[in-house]
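Scroll down for the structure; my scribbles are underneath it.
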Amino acid sequence: MVGTSFGGFLAFWLSEELGLPCILLNPAVSIRGKSKNKPNSVTYLKNSLCLVALGAKDELVDAQRTLLFMEQDRRIGKTILTKVFEEEEHSFTVKAFREVLEWAKGEL
C-alpha cells in the first residue's frame, strides 16, 4: 500500500487490516496532537513493515508528531522505518519520490 497525506492515513490502516507492507509519504496519521485511535472498521493489526518518508519542511503534517505516532505503534513482529528528507515539503519532488522508491525496493 502506498499513500501520501490523508491517503497515507488510509494506506496505514488498510495495510494493518490486509497485512500488506506500506510506504507512506507525509502521512496524516497524527493530526493536531490527537491521540492514536484505530478506526472502528479495522479488525486486525497485522502489518509487518511500514516505511515512512517525511519532509522536514512540511507545513501541513508535523514530522515530529508522525515520528511519535510511529514510535507508539512499535510492536513485536512489526518493523517501522522512517526517513526524513531535509529539503522536502508536503509534496515530494520527483527526485525525492524516486529515492523513496529505491529505499523501499531495498527493504521489501
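Just so it is clear, none of the values below were taken in a lab; they were calculated from the coordinates. None of these values were measured; they are calculated from a predicted model. As a convention, Cβ positions derive from the backbone with ideal geometry for all residues, glycine included, and neighbour counts pool all protein chains shown.
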Calculate the dipole size of the chain relative to its Cα centre from +1 charges on Lys and Arg beta carbons and -1 charges on Asp and Glu beta carbons; express the result in debye to the nearest 20.
-> 440 debye
What full-extension length gain, to one decimal in nm, is calculated for LEU18 and PHE97 as 0.36 nm per residue of separation minus the Cα-Cα distance?
-> 26.0 nm
Burial-style ranking of 57-65, 73-81, 12-20, average other-beta-carbon count within 10 Å with highest first, yields 12-20, 57-65, 73-81
Under-5 Å amide H pairs with VAL2, H placed in peptide plane, nonlocal only | ILE23
Along principal axes, Cα extents of the range 38-108, largest first, whole Å = 35, 28, 20
The answer for LEU49, listing residues at least 5 apart or on another chain whose modeled amide H is closer than 5 Å to its amide H, is CYS22, THR79
Rounded to the nearest 10 degrees, the helix 94-107 long axis (Cα) sits at an angle to the longest Cα principal axis of the chain of 40 degrees
Burial ranking of peptide ranges 87-93, 49-55, 4-10 (average Cβ count within 10 Å, highest at the top) = 49-55, 4-10, 87-93
